[in-house]
Amino acid sequence: MKSEEDKMDQLDRYLEGNMTEAEKQLFESRLESDSELRDALKDHKLLIETIESAAMKDTLSQVMAQQRDKGKAGVRSINRTWIAVAASVVILFGAFFFLGPFSGGGNLYEEYYQPDPGLPTTMSTESNLRFTEAMVQYKQGEYRSALAEFDQLMNDNPASDTLLFYRGICHMELDQPEVSAFLFNQISTDSRLFGEKAQWYRALALLQDDNTAEAIAALQVISDQADHRYHEQANTLLEKL
Amino acid sequence: MAILTMNRKAYRTDQDLIEGLKRNDSKALDALYQMSFGQVKQWMMQNNGSEQDAEDIFQDAVLAVWKNVKEGKYEKKNNVKLSTYLFQVCKFRWYENLKSARVKYNTKLDSEMDVIDTDGMNEISEQSERVKYLHQLFHQLGEKCKSILQFYYYQKMPLAQIAEQMGYTAQSAKNEKYRCMQRLKKLHQN
């Protein structure tokens, strides 16, 4: 008399194709005559289907989450059209900035936002070659690839205000303002190069994210400091909110 | 394990992909995603969908297609490329979704749907519902049972290796596997 475990073992070996030819023939002839065995096989298949379906759904969720993160980090290549569009968007933003805010229509964040022009990339030493490359991509409006590079550099230099700042701008360009606000918030207000800039762009990112209440609070902080380099802009923007 | 080290480049043809899906290889899912998701997302965005909608629909569709591949039903759809088939399934699912939500969709979508071979599409919808049902059922099991059953039936890991990994003797691993299958059977009967 076979134990229940052994019976299940036999079903497994049949489904896995691990039976010898003779064994298989015997099993299949029994299947024809033994309805109990047929039911057992059917039940067993249902259980396996359950396990595989559940695991497959979980695996797919994981795969998609990973791919999504990779996409955010810019590993996925972007096509030339996209770059061209991004570049023209940058030019448009620039034009709005110089022509002054247009009235009506578009939202305030779009009126006030233009990406930071970036840092000079002419002088590069071996050690910051990668940063230079990233900066070149940034300036060309290739924010996805730039971001991927900046993120890599971040691993070696987690506290760099420069990296925090430009990653923040990239995320704004990629329409992920909540990430930008989070990054800008980590930059110390004392940072000579980026402290005040980060405060301003954080306010814009909050606006982009439709978080008007926090944006106003952030702008108020800037407006309260008469010598803040974005003092005037913060004031005029506050009036419109 | 050979399956784990196989890289994406191995998935060059539909036949490779189908074999991969049959083996439950996550790299095949990866390849499918890279091949099709962008296209699906773009189309969804043009048809009242959000990025989240695109992800939901795509996930549903991949699972349904995977099931059809597993059950040999896909191969019967002779000469339809896997990516084409997957895209059609996504379109159909989204179309159904819009219809049931009574969202205003453009008539362009209507005419597009006319071209799709809707034969077997209702079965597809049933397949994705079925996966969701089986998924929640399986997750009612305890962690140990889920692990041992996934290792054996999903990852096709030999029992000896599972025993080693989970700290069982060969015999107790076999007993555990049996016990967990019985539990799962109970869940189905409830």
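Miscellaneous remarks
- Per-residue Cβ neighbour counts within 10 Å put B:GLU51, B:GLU19 in the sequence B:GLU51, B:GLU19, beginning with the fewest.
- Neighbour counting of Cβ atoms within 10 Å sorts the residues A:ARG68, A:ARG167, fewest neighbours leading, into A:ARG68, A:ARG167.
- Cβ crowding within 10 Å, taken as a proxy for footprinting-reagent exposure, orders A:LEU174, B:LEU149, B:LEU134 from fewest neighbours to most as A:LEU174, B:LEU134, B:LEU149.
- ³J(HN,Hα) computed for each position of the stretch B:160-175 - Karplus, 6.51 cos²θ - 1.76 cosθ + 1.60, integer Hz, glycine/proline x: 4, 5, 4, 4, 4, 5, 9, x, 9, 7, 4, 5, 5, 5, 5, 4
- Farthest positive-ward along the stretch B:143-189 dipole, Cα basis, beta-carbon charges - from B:ALA173, B:GLN155, B:LEU184: B:LEU184
- Projected label points at A:ASP39 and B:GLU19, each 7 Å from Cα along the beta carbon direction, are separated by 4.0 nanometres.
- Cut-off under 5 Å, modelled amide H: who pairs with B:MET157 long-range: B:TYR152
Each value in this text was obtained by applying a stated rule to the coordinates, not by laboratory testing. Bear in mind that the values here come from a model prediction, so they are computed numbers and not experimental data. Note: ideal-geometry Cβ built from the backbone for every residue, glycine included; neighbour counts use all protein chains shown.
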